[in-house]
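I have a structure I would like to understand better, so I am pasting it below and will then ask my questions one at a time.
The values are calculated or read from the model by the stated rules, or taken from the named source; none is laboratory data. Just so we're clear, the structure is a prediction, and the values are computed from it rather than from any experiment. A quick note on method: Cβ atoms are made from the backbone with ideal geometry, for glycine too, and the neighbour counts reach across all protein chains shown. Heads up: the accessible areas ignore ligands, DNA and RNA and are worked out on the full protein's heavy atoms, side chains in. Shrake-Rupley method; radii C 1.70, N 1.55, O 1.52, S 1.80 Å.
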Amino acid sequence: MQNQTTQKSNVETILTVKGLMAKVADSDKQIIRGLDLTVNAGEVHAIMGPNGSGKSTFSKILAGHPDYEVTDGTVELEVNFRQKNLLEMLPEDRARNGVFLAYQYPVEIPGVSNAEFLRAAFNEICKHQGADEMDPLEFDDFLKLKLKFLGMSEAFITRAVNVDFSGGEKKRNEILQMAVLSPRLAILDETDSGLDVDSLRVVSDGVNKLRTKNNAVLLITHYQRILNHIIPDRVHVLYKGQIIKSGDKSLAIQIEEHGYDALIKEYQTSNATPASGSLHG
Amino acid sequence: MPETKDKPIISSKKTQLTSNDMQLTGREYKYGFVTDVEVEEFPKGLDEGIIRRLSAIKGEPEFVLEFRLKAFRHWQTMTEPKWAHVAYNAIGYQNLRYYSAPKKRGDGPKSLDEVDKEILDTFNRLGIPLTEQKRLTGVAVDAVFDSVSVGTTHQDVLKEHGVMFCSISEAIREHPELVKKYMGSVVPYKDNYFAALNSAVFTDGSFVYIPKGVRCPLELSTYFRINAAETGQFERTLIIADEGSHVSYLEGCTAPMRDENQLHAAVVELVALDNAEIKYSTVQNWYAGDKEGKGGIYNFVTKRGICTGHHSKISWTQVETGSAITWKYPSVILKGDYSTGEFYSVALTNNKMQADTGTKMIHIGRHTRSRIVSKGISADQSINSYRGQVKIMPSAEGARNHSQCDSLLVGNQCSANTFPYIEVKNKTATVEHEATTSKISSEQIFYLKSRGINEEGAISLLLNGFCKEVFKELPLEFSVEAVRLLEMKLEGSVG
């Protein structure tokens, strides 16, 4: 892990994952097998890996999804300059403390307008921070600003959450939510999958616009394509629930050219008997 | 049973407050308490003698007794309907009491402030304060406790506008001509088994008459409380909106938690004359039985309105959250040309509740319109069925109907059914029917949680979304209450 923290000095660490082990709840199916990761403020980390490597599971665990059970390891989130145990927090508290998951498959909420839904979420966060809540009219104006900022249509205000949205619209709607809730740590779970070129650009531009010195992005992806638009500071390769290689953006290009197989083979031969946590960098 | 004839007409006793009643289902049903009050009640059983005595105790004119007896004789020739998608144990009609009322002291209360403290407290606990100082502003309330109306608030304001709002018993005595003209005109006593029974033994209920051209200045509301055990409640409500008048009426209902099932068989009749509008809203929260399906109210209700006049409108809005069995089809007969009928319904069933509810829209007049929006929510092992009929008669030139029936399933053991009956006898009519079934999924809940909204807020948002079209039809304060009621019922069922 040293490689990640030593790059910059005097930076805030937003997320610290140590020796994380997790399985599917109510089963013996181990998915995450000793994962270490440190994400600092201002950074974009890409987590890449073949299908079934545990990428999406990792993102869901960070959001507190009840389908998975953490069996070992720690996850800490920086909240007001203190490290808090993320695993002890309820999903809603994680969100209120700045964790945001952009879903691979956003869920439809019939009958509830985007404005109602986002205002409810926004006000929960306001409440948590002791700030005044917004009334519907105020919030509509706020939402319009965000839509303009992202170059999105005002039709998103009144439409029911994700109902009858195209794949691209759903992903854009996730970015809209991110813009409204302005999270500390945004986890984008395969946000690029199934996107056409135009949607990919809108989504990537949105994420880039929302990047600041104080927040961080965890970009989970199968393909290098999105990394041409959102330039990562670090790239990690996840395989069988472990990070088997980390590097800068050139690692992603290497994967694009040679595939995951080469990396996996390299990892398997050089670590015939791997000890968890000793491989990174 | 029928030792009624030679025994004293009325037996007097104190109902016992049983603490067991309170513990059965814990906090889930907060209206499950029993009021300890001295009552006058009939012995169990039903025969002509009981009906004559009921009529006598109420001081009714001959025509009402005749109506009751004809209904009773007809009822005896009928059999209980079996077509509804519900299953329940046979009802022992001879094992029920047909009259139970809080005992009057002396001549009885002159005003609401003189009503028994226990009864006022009961309504206070139910959130319906009746006394002058505390009564709800903007809403006139008629409070019915078991078989009798205990009083009606805001009489002065209503009188000023010529609005008659009183118990049906009082109306029979004070306005017999109106009662004679309209009672049974919308729901004839021969209509169905439960309507016939009600016509024979109805005890109390509300009466409303809005004079020509008057817009009723207050919301009118009746609150029904079943308290006594082993007593059927048979209320009868009659609302007449004269030409060009307008009224909004709301009824609420609760009952104590008891192990035995209780029968509630009401009849509601609405009459709208030319250009008149009646909006009738119900928030029904009768005790629904415990988790195992023990106890609860059998709710067999006949509600029907007739748009007699042209350009008249009748709108039913119901939020049905209680009762072990619900059998209820608020309907509109669209007789007047250009008249409109509406039915907005949210029916929630949980535990082992069974609901078979819907509407009938009978188009007779030209260019009549009807709209049906039905939202069924079923959870646990409950069964929730929508049954609706749209009938376009040959005379209904240019009639239109739109029906939308949505079902929401919570969990894997419940079921939802839709039984639409459509009959069109005029080629110029347009009839549309849409139906959907969906589920509240744990993924939806998690999605909302991951945006900072807690479980309660998530369920509330989802329910609100599902029921939005219906809730917006309710008076504002009641729509807030309705959402809360649904949330409370569904707590623990989702996930």
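Which residues, counting only those in the stretch A:106-123, are more than 7 Å from chain B (Cβ to nearest Cβ) and in contact (Cβ under 8 Å) with a residue 60 or more places away in the chain?
The answer is A:Pro106, A:Asn114, A:Leu118.
Could you say whether any residue in the stretch B:375-398 is of a type in the set (Gly, Ala, Ser), under 26 Å from the mean Cα position of the chain (by Cα) and part of a helix (DSSP H, G or I)?
No: the stretch B:375-398 contains no residue that is of a type in the set (Gly, Ala, Ser), under 26 Å from the mean Cα position of the chain (by Cα) and part of a helix (DSSP H, G or I).
If the requirement is being surrounded by 13 or more Cβ atoms within 10 Å (Cβ to Cβ) and either of a type in the set (A, V, I, L, M, F, W, C) or at pLDDT below 65 (or both), which of these qualifies: B:Glu38, B:Glu28, B:Glu60?
B:Glu28
Sticking with this structure for a sec: Taking the stretch A:167-181 on its own, how many of its residues are of a type in the set (Asp, Glu) and within 12 Å of chain B (Cβ to nearest Cβ)?
Adding up the residues that qualify gives 1.
Sticking with this structure for a sec: Can you tell me which residues in the stretch A:45-73 are away from chain B (no Cβ under 11 Å), open to solvent by 70 Å² or more (accessible area, probe 1.4 Å) and more than 16 Å from A:Gln30 (Cβ to Cβ)?
Across the stretch A:45-73, the qualifying residue is only A:Asn51.
From the list B:Asn198, B:Asn192, which one is open to solvent by 20 Å² or more (accessible area, probe 1.4 Å), under 23 Å from B:Glu66 (Cβ atoms) and within 17 Å of the chain's Cα centre (by Cα)?
The match here is B:Asn192.
Out of the residues in the stretch B:427-468 that are of a type in the set (D, E, K, R) and either buried (at least 17 other Cβ atoms within 10 Å of the Cβ) or part of a strand (DSSP E or B) (or both), which is farthest from the other protein chains (Cβ to nearest Cβ)?
For the stretch B:427-468, the residue satisfying everything is B:Glu432.
Among the residues of the stretch B:222-244, is any assigned to a strand (DSSP E or B), at pLDDT 85 or above and in contact with a Lys or Arg (Cβ under 7 Å, 6 or more places away or on another chain)?
No - not one qualifying residue is present in the stretch B:222-244.
While we're on this one: Which numbered condition in (1) within 27 Å of A:Arg94 (Cα to Cα); (2) buried (at least 20 other Cβ atoms within 10 Å of the Cβ) is the only one that A:Leu210 fails?
(2)
Scan B:Val141, B:Val115, B:Val157 and give me the residue that is open to solvent by 10 Å² or more (accessible area, probe 1.4 Å) and either closer than 29 Å to B:Gly295 by Cα or modelled with pLDDT of 70 or more (or both).
Going through B:Val141, B:Val115, B:Val157 in turn, just one is open to solvent by 10 Å² or more (accessible area, probe 1.4 Å) and either closer than 29 Å to B:Gly295 by Cα or modelled with pLDDT of 70 or more (or both): B:Val157.
On to the next question. Restricting attention to the stretch A:76-105, and to residues there that are of a type in the set (D, E, K, R) and open to solvent by 30 Å² or more (accessible area, probe 1.4 Å), which single residue is nearest to the other protein chains (Cβ to nearest Cβ)?
The residue in question is A:Arg96.
Among residues belonging to the stretch A:78-106 that are of a type in the set (A, V, I, L, M, F, W, C) and modelled with pLDDT under 95, point out the one that is nearest to A:Asn162 (Cα to Cα).
A:Val79
I would also like to ask the following. Name the residue, out of B:Ser407, B:Ser370, that is modelled with pLDDT of 95 or more and buried (at least 24 other Cβ atoms within 10 Å of the Cβ).
B:Ser370
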